Amino acid sequence: MTHASTIPAPARESGAGGRGRPVPAPRRLSTTAAGALGLFAAARLTGVLVLSVAAWAQGKQPLALLGRSWDSVWYLGIAAHGYGHTLHVGPAVARSDLAFFPLYPALIRCVTALTPLGGGAAGLVVAWTAAAAAAYGIYLVGARLHGPAVATLLVLLWGLLPHSVVLSMAYTEPVLTAFAAWSLYAVLTGRWVWAGALAALAGLARPNGVAVAAAVLAAAACEIFRARGRDVSHSLWTGAALAPLGWGGYVLWVGRREGDPLGGYFAVQRLWGSRFDFGRGSLGFVKHLLLHGGRFVFPMTMVIVAAAILLFALLVVDRAPLPLLVHSGVLLLIALGGSGFFECKPRFLLPAFPLLLPLAGALVRTARARPWHATLVVGALAGLSFAYGAYLVAVAHTPL
């Protein structure tokens, strides 16, 4: 069974000829959805073109930067050789590839086995395909809640985030966002088994994929509570049971391999300098940055994280559905509460696409009243996204 507080009614079309008619669940790619995906593709292709120009100006190869930068190298190593590599940086720092979740390298290995592509090219194919799937899932969530206009702006804004260059790289964020978007859409439409299975796959993609399982479990718990445990469908129980299996299974596997089933994975993360300390490390870094200054990337990170907090507050005020609030809230909590790699926090927030719903709604209202104002805002966001993305990958020497 479902309840209106967690599974909202379908959005209604507005305008001539469509007032009052519910938007059905899509059986094929609609014209509006195709337009949204086209805008997303145009945004990312333009970003890649700007990045390519910046890379060539630096004497670098764009495809090498996109396919073999930072974490991509670790994933490609796992895809080619499996787990077991540790890089000893110092006496207290040992970076093990067990910190990286297995789904993305497994997909790369499948592509290299079935095609003549090398690891870097296969990683880009997987990431680009996942980004397209994520964009469509994001569109469906937005259309379900607020109609096609907001959904289209939601997809475009996601493709124009300052760190959206990651969506064009051999990274795991597109994979996680794809499973997250479709899992949340399954929850909103009452498809609990699909929601749980997709959440389990999201949990195999990245450590913060646990946010998807949390969203599914929170929505399921709300339904069970409202039903007082009676007349709850078997599919809901099955979906709730499936949701945490991916994340929990990998964490336990690493723990068993490290000789500590419950704490082994977190010990691996601590050796990378990553741990959850309720924001103490982040606050210390911000204090140091404010007092002593720093590179451009770090102040920009502070601005992006602050904007994410504001957008989450707006999402709460707008009374967004519970699974979207839990998903975005857990991702934000992990980003704020985790220490280490402060400059990576905006990337960790890329799967939190529901945070953009208030902004997408505001832009739609602005576009109807003052079209040129909305165009100017989107143009400014695009310019920032393309320029900053090229700077991050081709110029800055900061982990991404």
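A few notes on this one:
- Number of the condition not met by residue 179 [criteria: (1) without any contact (Cβ under 8 Å) to a residue 40 or more places away in the chain; (2) buried (at least 24 other Cβ atoms within 10 Å of the Cβ); (3) more than 30 Å from residue 384 (Cα to Cα)]: (3)
- Cβ-Cβ contacts under 7 Å between residues 6 or more apart (or on different chains), taken from a first residue in the range 342-368 that is under 20 Å from residue 316 (Cβ atoms) and in contact (Cβ under 8 Å) with a residue 60 or more places away in the chain to a second residue that is of a type in the set (A, V, I, L, M, F, W, C) and in a loop (DSSP other than H, G, I, E, B), are listed as 354/320; 357/320.
- Of the numbered criteria (1) over 18 Å from residue 149 (Cβ atoms); (2) in contact with a Leu (Cβ under 8 Å, 6 or more places away or on another chain), the one residue 358 fails is (1).
- Here residue 171 fulfils each of the conditions (1) open to solvent by 30 Å² or more (accessible area, probe 1.4 Å); (2) part of a loop (DSSP other than H, G, I, E, B); (3) not β-branched (Val, Ile, Thr) apart from (1).
- The range 201-233 - residue that is over 21 Å from residue 269 (Cα atoms), in a helix (DSSP H, G or I) and free of Cβ contacts under 8 Å to residues at least 60 places away in the same chain and, of those, most open to solvent (accessible area, probe 1.4 Å): 225
- Those residues of the range 67-116 which are assigned to a strand (DSSP E or B) and free of Cβ contacts under 8 Å to residues at least 40 places away in the same chain, in sequence order: 86, 87, 88, 89, 90
- When residues of the range 369-400 are limited to those that are free of Cβ contacts under 8 Å to residues at least 40 places away in the same chain and touching a Ser or Thr at 6+ places or on another chain (Cβ under 6 Å), the one nearest to residue 169 (Cα to Cα): 374
- Exclusive hit being at negative phi, surrounded by 16 or more Cβ atoms within 10 Å (Cβ to Cβ) and at pLDDT 95 or above, set 43, 33, 55: 43
- The set of residues in the range 182-196 that are more than 18 Å from residue 320 (Cα to Cα), of a type in the set (A, V, I, L, M, F, W, C) and open to solvent by 40 Å² or more (accessible area, probe 1.4 Å) comprises 193, 194.
Here is a yes/no grid of residues against (1) under 20 Å from residue 77 (Cβ atoms); (2) within 12 Å of the chain's Cα centre (by Cα); (3) modelled with pLDDT of 95 or more:
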{"site": "112", "(1), (2), (3)": "yes, no, yes"}
{"site": "126", "(1), (2), (3)": "yes, no, yes"}
{"site": "132", "(1), (2), (3)": "no, no, yes"}
{"site": "161", "(1), (2), (3)": "no, yes, yes"}
{"site": "164", "(1), (2), (3)": "no, yes, yes"}
{"site": "168", "(1), (2), (3)": "no, no, yes"}
{"site": "179", "(1), (2), (3)": "no, yes, yes"}
{"site": "187", "(1), (2), (3)": "no, no, yes"}
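- The set of residues from the range 29-66 being free of Cβ contacts under 8 Å to residues at least 12 places away in the same chain, assigned to a loop (DSSP other than H, G, I, E, B) and either farther than 15 Å from residue 168 by Cα or in contact with a strand residue (DSSP E or B) (Cβ under 9 Å, 6 or more places away or on another chain) (or both) comprises just one member, 59.
- Screening the candidates 139, 171 for the property of being in contact (Cβ under 8 Å) with a residue 60 or more places away in the chain, among the hydroxyl-bearing types (Ser, Thr, Tyr) and either touching a Cys at 6+ places or on another chain (Cβ under 9 Å) or under 22 Å from residue 108 (Cα atoms) (or both) yields one hit, 171.
- Scanning the range 374-393 for residues that are open to solvent by 70 Å² or more (accessible area, probe 1.4 Å) and closer than 14 Å to residue 167 by Cα gives no hits.
- Only residues that are of a type in the set (D, E, K, R) and under 21 Å from the mean Cα position of the chain (by Cα) were counted across the range 58-85, and they come to 2.
- Checking the stated criteria, residue 319 turns out not to satisfy the condition of being charged (D, E, K, R) and surrounded by 20 or more Cβ atoms within 10 Å (Cβ to Cβ).
The values are calculated or read from the model by the stated rules, or taken from the named source; none is laboratory data. Remember, it's a predicted structure, so these values are computed and weren't measured experimentally. Because the Cβ atoms are built from the backbone with ideal geometry, glycine has one as well, and the counts that use them run over all protein chains shown. For the accessible areas, the whole protein counts, side chains as well, though only heavy atoms, and no ligand, DNA or RNA atoms are used. Shrake-Rupley method; radii C 1.70, N 1.55, O 1.52, S 1.80 Å.
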